[in-house]
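FYI, it's all coordinate maths here, none of it is from the lab. Computed from a prediction, not measured in an experiment: that's the story for all the values here. Heads up, the Cβs are rebuilt from the backbone with ideal geometry, glycines too, and the neighbour counts pull from every protein chain shown.
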Amino acid sequence: MGAAALPLRNLLLQLGAVVIILMSLRWIFFWANSGHFPSITAWDAFLISVQGLRFDAMTVVAVNALFILLSLLPIPARSRQWYRRSLFVLFIALNAFMLLICCIDLAYFGFTGKRITRDVLGMAGPGLRQMPAFMMRFWWVTLSYASSIALLVFVWRRTERASNSNAGIRQQLLVNVPAIAVLSLIGRGGLQEHGLAPAHAANHVRVALSPLVTNSAFTLGFSFTMPPLPLRDYMPAEEMDRLAPLAYELRRDSTDRPWNVVLLVVESMGREYLSSISGEAAYMPFMDSLCQQSLVFTNAFANAESSSKGLCALVAGVPSFTDDPFMGTAYADNEIEGMASRLRDLGYSTAFMHGGINGELRLNSFAMASGYDEYLGKDEFNDDSHFDGHWGIFDEEFLQWSVERMAAMPQPFHATVFTLSSHHPYTVPKRYTGRFPKGTQEIHESLGYADLALRRFFERIAKEPFYRNTLFLITADHTYQWGDHPVLYRSSVGRFAVPIILHAGDGSFVGRDSTVAQQLDAVPTVLDLVGYEGRIGTVGRSLMRPAENGAAITHLSSLFQLIEGDRVLLFDGDLSKGLFDYKTDTLLAQDLSAVEPEVAERLTMRAKALIQRHADMLRNNRHRPGR
């Protein structure tokens, strides 16, 4: 059997080298993103490695299925040089692509807080454009990838020195058929009823450590096997309507008025950067001063990890419980009940303003589908002397120009203004080199510039006659997740912490509100303040109604978070993964489910209702109540 087993021996050595590379990348991944995870013990490291081996082995077998089959076929051509060269090309091509995904995510995870899934395809254009800068900025990623490929070539050459087998076909089949059966079992992840899934990562380690167990090639591949919107049927429709009603009733009162409305979305402005709220170092002094003249919701959260998804929540009131943002799903042509469409019903003129490259992230199409009269981007700005070389027009010039466009709009008007200069690679105009603090995070300097641009925006707009009758809702699209953060902002809850600020030109709104708020509350809040009367479709609430039970729901990879009061429930779509006091237990280490079973059950049912509501809204085009 020695000669018959030779091809299998070589194959296992070659696949084993790939597995070893993936296991090594796991700990490079942990080193690069350690700020995202709680401290780990030696036992944690052992469990991560053992469970991770299962995911790695499955990934390697699945990716190399064709290579495995061609390597073990007992045919004469297998000893021919052209056949061996073809196998080499196939082996390197398959694994080079797989390792490219894993190596890119060594750094990319720091921006999203999740392993790569299919929504990364929506960033393919910008990603390719930024690739040279990415390779230079994260040189250690490039080195890791090149070293991995070099190791594969080395292993192949060593194993190919003794690759020929003179055994007969019968002998080879006796060895290879059982081997293929075992590898097939490894390729489905084991003997469990259902194939291996990302949710299995938390079966033996803390939920916060589950990204260390999986690998990015696995999560990307798994995301393609799942329907874009899984069918959810947790409860009867009547129970869903009670726990997560879609119809939200608004009534006009004496304080309402037809405000001009500006939704100002500041790229990556996490709550931690506003010292007046977080108590951390100040990087945005103007915004801190504006908070003193505004109503600030100090316990607010983004509903998603990316710009596209955050804007869906803010502008259209659509949660993002899919890997792809709403505008990238098959449901993108659903009728949207958003801020612009409802304000247009009240006679508002509307515009969406973003200095980015037109067509990027499909924002222009989404804006028009959401009811905006016009989209104003880089093309409309029409002056590339202020192009930052990466994403679009620098904030300072674009914000000044946006004031001019607002001044030309018929009143009352609504404008959404989305900034971009505090986006990677955080480019600051050369004239400001050295002006803003570098801080401890790569984003800090660009936040200083964005703060200056916002200061000058408000200085300019305050001179306009419409300013005193203008309401500004200011928040972020998402947070910045790369690098080290204060303890509160390292957890899965803190990663979504953003400010929500209501500022009125006449100073009508001042104070602090610590109830839980979320991006999905933007639409009902604005409509409530301008005097909209009737039912709207939303799973958010008006922040002007503090007696209502505020909550925030997020979805990242396969994990949902429902935040209510000082508790957060983690839910994987099937089972609760823990109940935590996120304010005192910042790293979510002490599960309170056994201590507070009624709270855990209530939040689990509410999370299920919200998830089912989201699926019903999209699948049946029921964003408007009564459809």
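Once you have the Kirkwood Rh of the chain from its Cα pairs, apply Stokes-Einstein at 10 °C and 1.306 mPa s and quote D in µm²/s. It comes out at roughly 61 µm²/s. With a Förster radius of 60 Å applied to the beta-carbon distance between Asp506 and Phe97, the computed FRET efficiency rounds to 0.55. Using the Cβ of Asp388 as centre and a radius below 15 Å, the other residues enclosed give a net charge of -4, where K and R count +1 and D and E count -1. Taking a ≥ b ≥ c as the square roots of the eigenvalues of the alpha-carbon gyration tensor, region 475-587 is classed prolate because a/c is 1.5 or more and a/b outweighs b/c.
Label sites at Ala77 and Ala133, each approximated as a point 7 angstrom past Cα along Cα to Cβ, lie 4.7 nm apart. Convex hull volume of the C-alpha atoms in region 275-382, normalised per residue: 151 Å³.
Working from Cα pairs under 8 Å separated by at least six residues, relative contact order for the chain is 20 percent. Taking a Cβ cut-off of under 15 Å around Arg435, the surrounding Lys, Arg, Asp and Glu residues balance to a net charge of +1, with basic ones at +1 and acidic ones at -1. Taken over the Cα atoms of region 317-459, the convex hull encloses 127 Å³ per residue. Volume per residue of the convex hull around the Cα atoms, evaluated for region 467-519, comes out as 108 Å³.
Packing-based ranking of 44-54, 510-520 yields 510-520, 44-54, ordered from highest to lowest mean Cβ neighbour count within 10 Å. Please work out the FRET efficiency for the pair Leu185 and Arg9, using the Cβ-Cβ distance as r and a Förster radius of 22 Å; give the result to the nearest 0.05. My answer for the efficiency is 0.70.
Principal axis extents of the Cα atoms in region 170-305, from largest to smallest and rounded to whole angstrom, are 88, 46, 27. Relative to the dominant Cα principal axis of the chain, helix 6-32 is inclined by about 30°. Using 0.36 nm per residue and subtracting the Cα-Cα separation, the extra length available between Trp43 and Asp288 on full extension is 83.8 nm. When +1 charges are put on Lys and Arg Cβ atoms and -1 charges on Asp and Glu Cβ atoms, the dipole computed for region 503-604 relative to its Cα centre reaches about 220 debye.
Subtracting the Cα-Cα distance of Ser254 and Ala150 from their residue separation scaled by 0.36 nm leaves 30.2 nm.
With the alpha-carbon atoms of region 544-627 aligned to their principal axes, the span from lowest to highest coordinate is 43, 32, 22 Å, starting with the largest. Note on Val177 and Asp585: the model spin-label points, each 7 Å out from Cα along the C-beta direction, lie 5.4 nm apart. Working ranking of peptides 536-544, 268-276 by packing, defined as the average number of other Cβ atoms within 10 Å per residue, highest first, is 268-276, 536-544.
With contributions of -39500 (n - 2.57) from each DSSP H run of at least four residues, the per-residue ellipticity at 222 nm computed over the chain stands at -13500 deg cm²/dmol.
Scaling the Cα radius of gyration of region 227-311 by the globular reference 2.2 N^0.38 Å produces a ratio of 1.58.
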